[in-house]
Amino acid sequence: MNLFIIKWMRAFPLPEKTEKLLRENGESGSFWEDRKDRHHCGIDLYAPEGEPVIAIEDGEVIDVDIMTSPEMISYWNETYHIIIRNHSGLFCKYGELGSPNVKTGDIVEAGQVIGHVGTVLNNKKIDGNAPEYIQKLKDNNPSMLHFELWEGEPVVEGRNYLGGNWFGDELPEKLLDPTEYLRSIKSNENK
Ligand SMILES: [Zn+2]
């Protein structure tokens, strides 16, 4: 009998693995960035709108839903999140997608295209009432993949969570810092 150490195959969630995409802690778009009244629950990986978003690991899609919309906040466009329960046990939330390619219950493989990068901010609607970090983004209105990593089922709505941010200073119990997880992914070498 052969004994193997199972090594989960992982793919980077965007076509190009660029170290520059990974923000250092404290930078705009980095994990747990302090946004005054809220903290950032994920990492923002800036990419052109429409760029494919790729499943990092094999898993099952457990939720696809609207993440932002003009009905929630007037300067938001409609974007989606996809949550995948990876076979390794971790949960990945891929957020701010313009369009999803998968639905709840789908089984996905690492490397599979699951959606496309969207743009949350609608520049024309951003006014002086928007938070400071939004004002800073206004002029370049970057499109991005907002990525969260959880060790339990991700929070998607509620008193403390809105649009990828956590209102409060205390880190949600099951939320992980995805920086090293993303950094450790070897580019799509297995595909
Ligand atoms: Zn974000």
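Quick check, is Ile107 buried (at least 18 other Cβ atoms within 10 Å of the Cβ) and of a type outside the set (Asp, Glu)?
So Ile107 fails the test.
Identify, from the list Leu90, Leu121, Leu175, Leu149, the residue that is hydrophobic (A, V, I, L, M, F, W, C), farther than 23 Å from Asp63 by Cβ and crowded, with 18+ Cβ neighbours inside 10 Å.
Leu121
Return a yes/no flag: does the range 119-135 have any residue that is out of contact with any strand residue (DSSP E or B) (no Cβ under 7 Å at 6 or more places or on another chain), of a type in the set (D, E, K, R) and within 16 Å of the ligand (Cβ to nearest atom).
Yes, some residue in the range 119-135 is out of contact with any strand residue (DSSP E or B) (no Cβ under 7 Å at 6 or more places or on another chain), of a type in the set (D, E, K, R) and within 16 Å of the ligand (Cβ to nearest atom).
Residue-wise test of (1) in a strand (DSSP E or B); (2) away from the ligand (no atom under 14 Å from the Cβ).
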{"residue": "Val61", "(1), (2)": "yes, yes"}
{"residue": "Val64", "(1), (2)": "yes, yes"}
{"residue": "His81", "(1), (2)": "yes, no"}
{"residue": "Ile84", "(1), (2)": "yes, yes"}
{"residue": "Gly89", "(1), (2)": "no, yes"}
{"residue": "Gly95", "(1), (2)": "yes, no"}
{"residue": "Ser99", "(1), (2)": "yes, yes"}
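Looking at the range 20-74, which of its residues are polar (S, T, N, Q) and open to solvent by less than 40 Å² (accessible area, probe 1.4 Å)?
Once the filter is applied, which keeps residues that are polar (S, T, N, Q) and open to solvent by less than 40 Å² (accessible area, probe 1.4 Å), the range 20-74 yields Ser30, Thr68, Ser69.
Report yes if Ile43 is at pLDDT below 90 and of a type in the set (Val, Ile, Thr), otherwise no.
no
The values are calculated or read from the model by the stated rules, or taken from the named source; none is laboratory data. Given the structure is predicted, the values throughout are model-derived calculations rather than measurements. Using ideal geometry, Cβ is built from the backbone for each residue, glycine included, and neighbour counts are taken over all protein chains shown. Areas reflect the complete protein model, heavy atoms only, side chains present, ligands, DNA and RNA absent. Shrake-Rupley method; radii C 1.70, N 1.55, O 1.52, S 1.80 Å.
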